[in-house]
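S.K.: Just passing along the structure, written as structure tokens.
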Amino acid sequence: MRSSGIGVSDAGASATYRYRALAAEHRWERWTVRTVAAAGSGVIAAGLSAWWAGLVVAALFICGHVAYVRFRPGSVAGWRRGALAERRTGRRLARLDPAGFHVLHDRALPGGPRPMANLDHLVIGLSGVYAIASRRFRVTARLRVEERRLWVGSKPVVGVTRLAVRTADVVADLLSEELGQDVRVTPLVVVHGARVPRDGVEHRGVLFCSAKAIPRRIAREPVVYTSAQVAAIAAAAERLLPPMMEIILPE
């Protein structure tokens, strides 16, 4: 997914890189164990039944093990799901009119809330500046606020709101200092998987909304900048926030 506007970066690029790097670790060892175990189970099945039964059992064992490794909870699956969510958000943000909005993806965040922090998406447009995080939650669970806490299904969501606010504040400080004027940055979280009300869920100043709703939500906000101001802010963001892959893999 290519960004619109002056900057070019890929949505989810660094998350995809980290997923592939983790998945590549011990890949040959996994395939060796998988092949030996599948062959053993196939031989046993063939001995108890027929030769074709052994082939079927071995093939099913390999497919099952591949699926287990791919989807089991852990860092590998987490990075894969995160990269997928960012790419989906990127496709939705590409629907914004490029004449009025610049979109940057996967940007390094100097002075961010954690080491090697990145900003998933930054939208700079006529209706304002938005620091957007993509988050995937359990499918079919409902996102809601109860007693001032954010919940997805029966589990509380911890840290996401605070991180979104902190990220937006860092971007606002960087842009304001660079441009010599106050630049307000609105934190947003795009939710994948979980069910979200049509108008989204607001928690401590952060709007959580579905990927489907995000372009319309941004575009319908009142105009606060001119086209010239949008271009100036976007150019400053491009200077201050390099693509994350340039930090991970410097030339």
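S.K.: What ranking of W79, W151 comes out by heavy-atom accessible area, probe 1.4 Å, highest first?
M.R.: The ranking, largest first, comes out as W79, W151.
S.K.: Within 10 Å of each candidate Cβ there may be at most 15 other Cβ atoms; applying that plus a DSSP loop requirement, which GluC sites (Glu not before Pro) in region 123-223 survive?
M.R.: E147
S.K.: Where a ≥ b ≥ c are the square roots of the eigenvalues of the C-alpha gyration tensor, would you call region 76-180 rounded, which needs a/c under 1.5, or, failing that, prolate if a/b is larger than b/c, or oblate?
M.R.: Taking the square roots of the gyration eigenvalues as a ≥ b ≥ c, region 76-180 is prolate.
S.K.: Mind listing the phi-derived Karplus ³J(HN,Hα) values for region 146-156, rounded to whole Hz, using 6.51, -1.76 and 1.60 with θ = phi - 60°, and x for any glycine or proline?
M.R.: After applying 6.51 cos²θ - 1.76 cosθ + 1.60, I find 9, 6, 6, 10, 9, 10, 10, x, 9, 10, x Hz.
S.K.: May I pose another question? When ranked by the protection proxy of mean other Cβ atoms within 10 Å per residue, highest first, what sequence do the peptides 121-129, 181-189 form?
M.R.: Peptide ranking by packing, descending: 121-129, 181-189.
The values are calculated or read from the model by the stated rules, or taken from the named source; none is laboratory data. None of the values given here were measured: they were computed from a predicted structure. So basically every Cβ, Gly included, is an ideal-geometry build from the backbone, and we count neighbours across all protein chains shown. Please note that ligands, DNA and RNA were not included when accessible areas were found on the heavy atoms of the full protein model with its side chains. Shrake-Rupley method; radii C 1.70, N 1.55, O 1.52, S 1.80 Å.
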